[in-house]
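Structure, as structure tokens:
The values are calculated or read from the model by the stated rules, or taken from the named source; none is laboratory data. Please read all numbers here as calculations on a predicted model, not as lab measurements. Positions of Cβ are generated from backbone atoms using ideal geometry, with glycine treated the same way; all protein chains shown enter the neighbour counts.
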Amino acid sequence: MAVKIRLSRIGRKNRPYWRVIAVDSRKRRDGDFLDNLGTYDPIKHEIFKLHKDRLNDWISKGAICSDAVRKLIRMVNSSK
């Protein structure tokens, strides 16, 4: 099973809101996921939560981050 760390949309129409999730790569974008790793609001450009310990745990197990998630991680690291 190939695990990816990617975004899943949970916002309403014209108000996007995203979850950062660990998911089986064969699942659809908003389908079942393995772990919720954080949330992101692109309208406010805020990352409300990003569970770095769980994120690093999934990466150490071999999960692959999507490009969008890599950008979010860089945003968090550069803001501190």
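Restricting attention to region 1-48, the residues being of a type in the set (Phe, Trp, Tyr) and free of Cβ contacts under 8 Å to residues at least 12 places away in the same chain number 1. Applying the set (1) in contact with a helix residue (DSSP H, G or I) (Cβ under 6 Å, 6 or more places away or on another chain); (2) part of a helix (DSSP H, G or I) to LEU7 leaves exactly one unmet item: (2). Taking region 49-59 as the range and being free of Cβ contacts under 8 Å to residues at least 12 places away in the same chain and closer than 12 Å to ILE5 by Cα as the test, the residues that pass are ASN56, ASP57. Among the residues here, SER8 does not qualify as over 20 Å from SER78 (Cα atoms), loosely packed, with under 14 Cβ neighbours inside 10 Å and at pLDDT 90 or above.
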